[in-house]
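The values are calculated or read from the model by the stated rules, or taken from the named source; none is laboratory data. These numbers come from a predicted model, not from an experiment. Cβ coordinates were reconstructed from backbone atoms using ideal geometry, including for glycine residues, and neighbour counts include every protein chain displayed. Keep in mind that these areas ignore ligands, DNA and RNA; they rest on the heavy atoms of the full protein, side chains included. Shrake-Rupley method; radii C 1.70, N 1.55, O 1.52, S 1.80 Å.
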Amino acid sequence: MDSQDSGHMYFTNLLRQDPQLDPTYGGQSGNSPMTIDASPPLPPNEPNGIRKSMRGANFTPEEDKLLVSAWLNCSLDAVQGTDQKHSQLWEKIFEYFQQYKETTNEQIIKSLIHRWSAIQKATNKFCAKLAQVERLNQSDMTKQDKFEKTKIMYQSLEKCSFQFEHCWHLLKDQPKWIWRATKDVPLKAEKGKRKAQGKQAEENLQLRKMKYTLLEESRAQEKEFYRLKAEKIEYDKEKEEKKLHLEDERLRLEAEKMRIEAEKMRIEAEKEQSKIRQEDERLRLEAEKVELAKKESDQRIMMMDVSVMPEMQRLYFQQLQTEIMMRHSNARDLD
């Protein structure tokens, strides 16, 4: 097997591997992230017998890996170098792809070129953003954190996820790939760097604007909080004063009620005393009347001539006259 066949076998073995994210940096070793140049132009003519439709079947991840392997073997071939014509290059890539594919999908040269263009474009953007994250040099972030941040940045800026991570894992550590990317695109990388720096500056400006807006909103909310707190204090004060006023009014009404009750009791007592005095006066007058009547009766009895009365009557009135005399005598002794 010649040297080119050996190269084919080497890059074909990559397809049998299942690249995973290396714990140190999403599967990447110490090499800096690289980008590749713009999509190659379409070849002027396609080989006879393979011109079909303008679009082939959708690519599977395994076909993407095979396309990457074909590009590594053909475009970076150490013997023929990179000066070969694009039409010849893509004829070789197509032949390689057809030789090693394991699917029944029928792809044409233009399909491979369009797919490789999409891989290049997305990978360029991903590598540029990864380099941008690296330049931030955040010591508190691990390489895995930076890799994940790059994917999040890609999703945010491109409005879609990075779909060619499986291709990037195959390309990122290949010396020929790194040499080609470094040789072909120094100017583009510098422009990408400046563009990334501009985007970063714009993002920083937007973040500062957002921070200022949030600060203003926070101050407005704090001002509103203290205003509401002052209103609540004033409301509580008015409520407490009203409560005290109501309590004073209740106590005043209670005192007034007690005064009225006392006045009522005093009037009732005066009425009762007046009634007692009237009753006493009535009883006194009644007693005087009884006493007067008794005196009149005693006087009448004492004035009777008992000598002309029958014996029984005479003895009765004599007895009465004796009692009257004794009563008057006792009354004088008491005086």
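List of remarks:
- Principal axes of the stretch 251-307: Cα extent on each, largest first, Å: 86, 7, 5
- Net charge, GLU217 excluded, C-beta distance under 12 Å - Lys, Arg +1, Asp, Glu -1: 0
- Too-long pairs where the Cα-Cα distance tops 22 Å, listed order kept, from LYS121/LYS211; LYS129/LYS199; LYS151/LYS199; LYS149/LYS199; LYS125/LYS149; LYS125/LYS199: LYS121/LYS211
- Charge dipole of the stretch 86-177 (Cα centre as origin; +1 on each Lys and Arg Cβ, -1 on each Asp and Glu Cβ, all else neutral): 280 debye, rounded to the nearest 20.
- Each Lys or Arg adds one and each Asp or Glu takes one away; over the other residues whose Cβ falls under 11 Å from the Cβ of LYS271, this sums to +1.
- For LYS237, the shell of other residues with beta-carbons less than 12 Å away shows a net charge of -2, using +1 for Lys and Arg and -1 for Asp and Glu.
- The packing ranking, built from the mean of other Cβ atoms within 10 Å per residue, places the peptides 104-116, 121-133, 273-285 in the order 121-133, 104-116, 273-285, highest first.
- Accessible area per residue for the stretch 196-291, computed on protein heavy atoms with a 1.4 Å probe, is 94 Å².
- Residue-wise HN-Hα coupling along the stretch 290-307, computed from phi with Karplus coefficients 6.51, -1.76, 1.60 (Hz; x: Gly, Pro): 5, 5, 5, 5, 5, 5, 4, 5, 5, 5, 5, 5, 5, 7, 6, 9, 6, 5
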